[in-house]
Amino acid sequence: MLLEPDQPSSEISATQLAYNKLRELILTGELAPGDKLKIDGLRSRLELGASPIREALSLLTSDQLVVRQDQRGFRAAETSRENFQEILTLRCELEGMALRQSVQNLTEAWTEDLVLAHHRMTRAEGRSTAEFELRHKAFHMALIGNCQSPLLLGFCSQLYDLNIRYRYLAGRASGYEGRKIGDEHKCILEATLAGDFEAANGHLMSHYETTGAFILSYAT
């Protein structure tokens, strides 16, 4: 998120707060795809002023979560099977690249961080969805976090968020809970710690493709 350097700190704080709240509402589906995002309604819902909300909506257009309509305000971005497939394809390609670089740059400090991120994610299982999702993203970003490419990591983070939006929309459907996702994460972790990129990447791609197949059956 980029803010003008000459903005007062109070305004930056309010804009950041609005951004965080709106982003969460869109990612979790509380604001549904295509919903009109009227400033007055959001002011009451978020208990924030019009200016930071408007700024936050503009920032969210850069994240591909909000669409600005000329003379008609803002809408939550639409979803589609085609859009999800594109997100999944890009995510597999870019994270595979980042994982390869991370394994090639393998260090003790990185593996320790990765083990810790996995431990925190495992402990969060069964707790609130919000806490688990926070730890889940932290693990996946730690997995590729040693690629030494901030720009690549930024793209991967954005694609993660776009992907998770679809997972929330499909998450209430039956059948998803039956997967042993913890075992999938463990296989990815162990292969990565062993420095075996081919095995780690194979497990990671299988993990994403299995989730993707499930989501595609519910994507509109």
Legend entry - Selection within segment 65-88 - assigned to a helix (DSSP H, G or I) and open to solvent by less than 70 Å² (accessible area, probe 1.4 Å): Asn83, Phe84, Ile87, Leu88
Inset, instruction - Find the residue count for segment 55-100, including only residues that are out of contact with any helix residue (DSSP H, G or I) (no Cβ under 7 Å at 6 or more places or on another chain) and small (Gly, Ala, Ser). - result: 5
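Could you list, in sequence order, all residues of segment 108-126 that are outside any helix (DSSP H, G or I) and either crowded, with 19+ Cβ neighbours inside 10 Å or within 18 Å of the chain's Cα centre (by Cα) (or both)? Walk me through it before giving the result.
Within segment 108-126, the first condition is being outside any helix (DSSP H, G or I), and the residues that meet it are 125-126.
If the condition is that a residue be outside any helix (DSSP H, G or I) and either crowded, with 19+ Cβ neighbours inside 10 Å or within 18 Å of the chain's Cα centre (by Cα) (or both), then Glu125 is the only one that fits.
Taking the condition of a type in the set (A, V, I, L, M), modelled with pLDDT of 95 or more, out of contact with any helix residue (DSSP H, G or I) (no Cβ under 7 Å at 6 or more places or on another chain) and under 30 Å from Thr107 (Cβ atoms), does Ala194 pass? It would help to see each step written out before you state the result.
Details: of a type in the set (A, V, I, L, M): yes; modelled with pLDDT of 95 or more: yes; out of contact with any helix residue (DSSP H, G or I) (no Cβ under 7 Å at 6 or more places or on another chain): yes; under 30 Å from Thr107 (Cβ atoms): yes.
So Ala194 fits the description; yes.
Condition check ((1) over 27 Å from Ala77 (Cα atoms); (2) aromatic (Phe, Trp, Tyr)) across all residues:
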{"position": "Cys156", "(1), (2)": "no, no"}
{"position": "Glu190", "(1), (2)": "yes, no"}
{"position": "Gly195", "(1), (2)": "yes, no"}
{"position": "Ala199", "(1), (2)": "yes, no"}
{"position": "His203", "(1), (2)": "yes, no"}
{"position": "Phe214", "(1), (2)": "no, yes"}
Inset, instruction - Spot the failing condition for Val67; the list is (1) closer than 30 Å to Asn201 by Cα; (2) modelled with pLDDT of 95 or more, and only one is missed. - result: (1)
Inset, instruction - Only residues in segment 31-51 that are in contact (Cβ under 8 Å) with a residue 24 or more places away in the chain count as the first member; pair them with residues that are part of a loop (DSSP other than H, G, I, E, B) and open to solvent by 30 Å² or more (accessible area, probe 1.4 Å), Cβ under 6 angstrom, at least 6 apart or cross-chain, and list the lot. - result: Pro33/Glu78; Gly34/Glu78
Legend entry - Sole exception among (1) open to solvent by 20 Å² or more (accessible area, probe 1.4 Å); (2) modelled with pLDDT of 95 or more for Thr129, by number: (2)
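Which residue out of Thr192, Thr211 is touching a Leu at 6+ places or on another chain (Cβ under 9 Å) and within 14 Å of Cys92 (Cα to Cα)? Spell out how you get there, then give the answer.
On the way: Thr192 fails: within 14 Å of Cys92 (Cα to Cα).
None of the other options fit; the residue is Thr211.
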Inset, instruction - From the list Leu48, Leu31, pick out the single residue that is under 13 Å from Ala14 (Cβ atoms) and either open to solvent by 50 Å² or more (accessible area, probe 1.4 Å) or in a loop (DSSP other than H, G, I, E, B) (or both). - result: Leu48
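The values are calculated or read from the model by the stated rules, or taken from the named source; none is laboratory data. Because the structure is predicted, anything quoted here is derived from the model rather than measured. Heads up, the Cβs are rebuilt from the backbone with ideal geometry, glycines too, and the neighbour counts pull from every protein chain shown. What goes into the accessible areas is simple: the full protein's heavy atoms, side chains included, and nothing from ligands, DNA or RNA. Shrake-Rupley method; radii C 1.70, N 1.55, O 1.52, S 1.80 Å.
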